[in-house]
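The values are calculated or read from the model by the stated rules, or taken from the named source; none is laboratory data. Please read all numbers here as calculations on a predicted model, not as lab measurements. Cβ placement follows ideal geometry from the backbone for every residue including glycine, while neighbour counts extend to all protein chains displayed. Calculation scope for accessible area: heavy atoms of the full protein, side chains included, ligands and nucleic acids excluded. Shrake-Rupley method; radii C 1.70, N 1.55, O 1.52, S 1.80 Å.
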Amino acid sequence: MRIIVCTPGFDLNSGGTLVLDVIAHKLVEAGLQVAFLMLAPIKLDSARWTLGLANQHIGSKVLRGIPVINKNDLDQSSDIVIYPEVVFGNPCRASKVVRWLLNSPGKICATQIDFVNELVIAHATHFIPEGMECAMPGAPDGNKINVLSLAYFDNTAVESYFDNAKERNVSVLVRKGLRYHATIPKFPDDWLNLDRLPFEDQLSEMAKSRYVVSYDPYTMLSNYACLVGSKSIVVPIPGCSEDQWLPEIGRRTGIAYGIQACKNMCWEAQRRELLSNYSLIEERNTKRIATLIELMRTRFSWAGINLG
Amino acid sequence: MDKLLSCGGTLISFPEDSSNWLPESIRSEITANNDPSQWRNAAETLSFLNIITAIKQSRLDVALNLIEDLSESTIYPAALCILRARVHFWRCEYDETIICLDAASKFGGEDTLLKDALSEFNPLLRELKSQDLMLDHNRSNRDPEDREESSWPTFANTIFIIQPSNKLHLKRLLTSFERYTPRARLFISVPDFDFIGLSESSRFSYGINDGKTLGSSLNSCVAQISFKDHQYIAFIDENIVLDPNTIELIFADYLRLLKEDRKNLGWLVARKNCSTAVNSEGTTSICDRPCNAELPQPFSYTHLPLVSSTIRIIDHRNWINAPPIQQLSTEIQFLDMEAIGFKHFISQAQCRCVQPPKLDTSQNEMTEVESKWIRDNRGHYIDILGVND
């Protein structure tokens, strides 16, 4: 029995792939057999695209040591398959499916999820579809959705850029912003758009900027912006209050939701709090992966492993 | 109605009749026949008219491009050189103005046009007296690193700062900037991201107005423009619009004060004309009215209400931080600067107030915390500011 994690690869510019990477490595750390199945964009029809199983292993993808299998190597009855929410249906035809909501279903691409037969886990409460209920933390509860936030954090990169002198007023992130804003304005010439830069350069440039403005309300880069010493501001989603944006107050640390919120921020205190939160990430990830294993054991009547 | 341009405090009038800038033969032809299809060289005539229209609309870059397009083929090189001189003159590029006039005289053939142009430009060029000063100014236009410390404010080295709270007011103000001072570079410190994109001009930039109070907003704004290479900063109240010559006059007054060897020059403040606005009392205060005294004149306490409600310009090296309070913050900054030896002046420049005076400048709106801050930290200003003791 293995855990098969479906992933498009490891990409520092994609928060979703980082979470999938953390899940896989923490499961390995817990002593489980883990493998990746590669995902690639596929067309559902002329208008819709989704993520499906890649026809072959994509050699250029970074996978950080975990083996990649083909669909044919899968044991459909015993293996547990973890799909991100973007995968349409159950292309592996596995009998044991975990569905990880790394975004609101349908927000990124067309998708299909069997909420009855799959074990659905949300990365954050605001990704839970309307009308569905959130389970109590860590308590398996029928078809209610559990929330498990696993985070990837590279502290060394943050430390190396923190003391960068400010050379620019504003850097801007758009990323998935057009999914939340009807239009993105043309930015002034002296604003730097970070979107197309590699992750290391994004950190370096954010550290040189007084403000980092993000039109993507949920990018982890907004947290990194605060950590490298910038004032990180998310452009408010029209009609969406701060509470609707991120219901868990703890997740707002280090980010101002709009300029008004920026006025009340003590940035150095926010940065310290964020760093302190991230210092606990490993511990939290370990606890949460233990919860995942417990949920899988219960849901799939699986003897699993004894972590105790 | 004549359009006024000022330089060094001298006002001259430019006739609005664009045809006066056309070559003599074109002018005669279009006066005799207003049907372009009948003109002998309609393409060239239309090109000249387009250039003149662009100059009149202050679209000087467009005018220069059109002139360059036409320069290879024109049969009126002298007239074209004179138009080019006008463009350079409006751009404060006086060396180029003289070169173009010189070239026009060498081409010959447009004596009347040349004579008219010289009679317009000469008083102003004389006003600038020193050729060195002009060269310094031109150098500052070309290479910021070569800028002389004594250079005077120009569009190249001045940034205009607006801290808007209302999009409609901002739009109106930007329109007057576009119309009258299209070369001005603006820094708009926005309270909300909705304000971004009101204008996509490359001369506009946006900052973040994240100050809790007016004073901290001003300080934050100046910190944000430190990334830009500008010697002068000019704060603009969003409730005004410009007159056609507001900025030219304030620049000219600053130059005049520098030439008078004014030491420790602080703020130079434009006056305002409230004739198009009605304040809460339906009246206009005395200090808002144009005064008869010779301008620029030293700032006096009766001018304090003008400080935050018009345009004010300063060499940014003379900036000192404003106190972190909402009400009377700019006024206290003025007094603080005066206390350490800076001298402020009122300019002959005037802008129009198109909104009632801000209610939040009223002493009645001042919070107890702010009154206490002033009593505790600037008790000696209480009488001047009229703060209750």
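Numbers for the structure displayed
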read-out	value
Residue match in region B:222-243 (condition: facing chain A (nearest Cβ under 9 Å), under 22 Å from the mean Cα position of the chain (by Cα) and part of a strand (DSSP E or B))	no
Among the residues listed as A:7, A:111, the single one being in contact with a Pro (Cβ under 9 Å, 6 or more places away or on another chain), under 30 Å from residue A:174 (Cα atoms), open to solvent by less than 10 Å² (accessible area, probe 1.4 Å) and among the β-branched types (Val, Ile, Thr)	A:7
Residues satisfying the stated conditions in region A:235-277, i.e. of a type in the set (D, E, K, R), under 24 Å from residue A:158 (Cα atoms) and surrounded by 17 or more Cβ atoms within 10 Å (Cβ to Cβ)	A:251, A:252, A:271
One residue from A:247, A:238 being within 14 Å of another protein chain (Cβ to nearest Cβ) and farther than 23 Å from residue A:20 by Cβ	A:238
Identity of the residue in region B:244-270, touching a Gly at 6+ places or on another chain (Cβ under 7 Å) and open to solvent by 30 Å² or more (accessible area, probe 1.4 Å), that ends up nearest to the other protein chains (Cβ to nearest Cβ)	B:264
Scan of region B:32-60 for residues that are hydroxyl-bearing (Ser, Thr, Tyr), without any contact (Cβ under 8 Å) to a residue 40 or more places away in the chain and either closer than 29 Å to residue B:179 by Cβ or surrounded by 14 or more Cβ atoms within 10 Å (Cβ to Cβ) (or both), ordered by number	B:45, B:47, B:53
Every residue from region A:213-225 that is at pLDDT 95 or above and either closer than 22 Å to residue A:17 by Cα or among the aromatic types (Phe, Trp, Tyr) (or both)	A:214, A:215, A:216, A:217, A:222, A:225
Answer from A:54, A:47 - the residue that is free of Cβ contacts under 8 Å to residues at least 60 places away in the same chain, farther than 15 Å from residue A:85 by Cα and crowded, with 20+ Cβ neighbours inside 10 Å	A:54
Residue under evaluation residue A:218, criteria (1) among the aromatic types (Phe, Trp, Tyr); (2) open to solvent by less than 40 Å² (accessible area, probe 1.4 Å); (3) away from chain B (no Cβ under 11 Å); (4) touching a helix residue (DSSP H, G or I) at 6+ places or on another chain (Cβ under 8 Å), criterion not met	(2)
Hits in region B:191-203 (condition: crowded, with 21+ Cβ neighbours inside 10 Å and at the interface with another protein chain (Cβ under 9 Å from one of its Cβ atoms))	B:196
Filter result for residue A:253 (farther than 30 Å from residue A:4 by Cβ, away from chain B (no Cβ under 14 Å) and β-branched (Val, Ile, Thr))	yes
Tally, over region B:152-181, of residues that are assigned to a loop (DSSP other than H, G, I, E, B) and out of contact with any Phe, Trp or Tyr (no Cβ under 9 Å at 6 or more places or on another chain)	3
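For every residue, the table says whether it meets (1) basic (Lys, Arg); (2) within 14 Å of chain B (Cβ to nearest Cβ); (3) surrounded by fewer than 17 Cβ atoms within 10 Å (Cβ to Cβ).
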site	(1), (2), (3)
A:125	no, no, yes
A:135	no, no, no
A:147	no, no, no
A:161	no, no, no
A:165	no, yes, yes
A:170	no, yes, no
A:182	no, yes, yes
A:186	yes, yes, yes
A:206	no, no, no
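For (1) within 14 Å of chain B (Cβ to nearest Cβ); (2) crowded, with 20+ Cβ neighbours inside 10 Å, each residue gets a yes or a no:
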{"residue": "A:200", "(1), (2)": "no, no"}
{"residue": "A:203", "(1), (2)": "no, yes"}
{"residue": "A:213", "(1), (2)": "yes, yes"}
{"residue": "A:225", "(1), (2)": "yes, yes"}
{"residue": "A:233", "(1), (2)": "yes, yes"}
